[in-house]
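A quick write-up on the structure given underneath.
The values are calculated or read from the model by the stated rules, or taken from the named source; none is laboratory data. Just so it is clear, the model here is predicted, and its values are computed rather than measured. Don't worry about glycine lacking a Cβ; one is built from the backbone with ideal geometry, like all the others, and counts go over all protein chains shown.
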Amino acid sequence: MTREILTQDRLKEMMHYCPTTGVFTRRIDVPSSRYNAGDIAGCVAGRYRHIMIDRASHTASRLAFLYMTGSFPCKFVDHINHNSKDDRWANLREVTLQENCRNRSVQYNNKTGVPGVGWYKKYDKWVARISDSGKRILLGYFDSKSEAIAARKFAETKYGYHPNHGK
């Protein structure tokens, strides 16, 4: 049995999407299920809200693209503010993998609070690095953390990182 690809018309028949809140609500009751018209659709599983439509699971962010543009995004969906449950239209953008990586939150195990900046014990200095097109670039060794951060921030601008990167 092959599943039909979800279309914008079918999505709009089944759901209502509010671009200012990012919330999907059901338009119709789903027979033999607990889903009723007016209910908020989906559930959070992992980092994203998932919504079942015609026995297929979709992330709310990808459904927002289908609802608003008429097609699923070909690439990745970036949540600009790093909140993967915030599916407001103004918070979503279609990006490449590289662009998506250039708008990441600071990692949980980052000790300096700034991506690409760390203490290099061997030289007893701060080091700054950045990645571009899969290559790690050494920005230099610095006497102060603030100098390393400044070098990293300058490089983020130079290499087209999103202003939210590392926040």
Quiz item: Taking segment 1-40 as the search range and keeping residues that are surrounded by fewer than 11 Cβ atoms within 10 Å (Cβ to Cβ) and among the hydroxyl-bearing types (Ser, Thr, Tyr), which one is nearest to residue 90 (Cα to Cα)?
Solution: 20
Self-check item: Condition check for residue 116: of a type outside the set (Ser, Thr, Tyr) and in the same structural domain as residue 29 (by TED's automatic domain parsing)
Solution: no
Exercise. Report, by residue number, each residue of segment 49-71 that is free of Cβ contacts under 8 Å to residues at least 60 places away in the same chain, touching a helix residue (DSSP H, G or I) at 6+ places or on another chain (Cβ under 7 Å) and surrounded by fewer than 18 Cβ atoms within 10 Å (Cβ to Cβ).
Key: 68
Quiz item: Are any residues in segment 130-167 over 19 Å from residue 111 (Cα atoms) and basic (Lys, Arg), and if so, which ones?
Solution: 135, 136, 158
Quiz item: In the set 137, 130, 149, which member is in contact with a Leu (Cβ under 8 Å, 6 or more places away or on another chain), at pLDDT 90 or above and not basic (Lys, Arg)?
Solution: 130
Practice problem: Name every residue in segment 156-167 that is free of Cβ contacts under 8 Å to residues at least 40 places away in the same chain and polar (S, T, N, Q), in order of residue number. | Solution: 157
Self-check item: Residue selected from segment 86-96 under the condition without any contact (Cβ under 8 Å) to a residue 24 or more places away in the chain and part of a strand (DSSP E or B), by the criterion nearest to residue 68 (Cα to Cα)
Solution: 93
Quiz item: Looking at segment 72-82, which of its residues are at negative phi and either of a type in the set (Lys, Arg) or surrounded by fewer than 20 Cβ atoms within 10 Å (Cβ to Cβ) (or both)?
Solution: 72, 73, 74, 75, 76, 80, 81
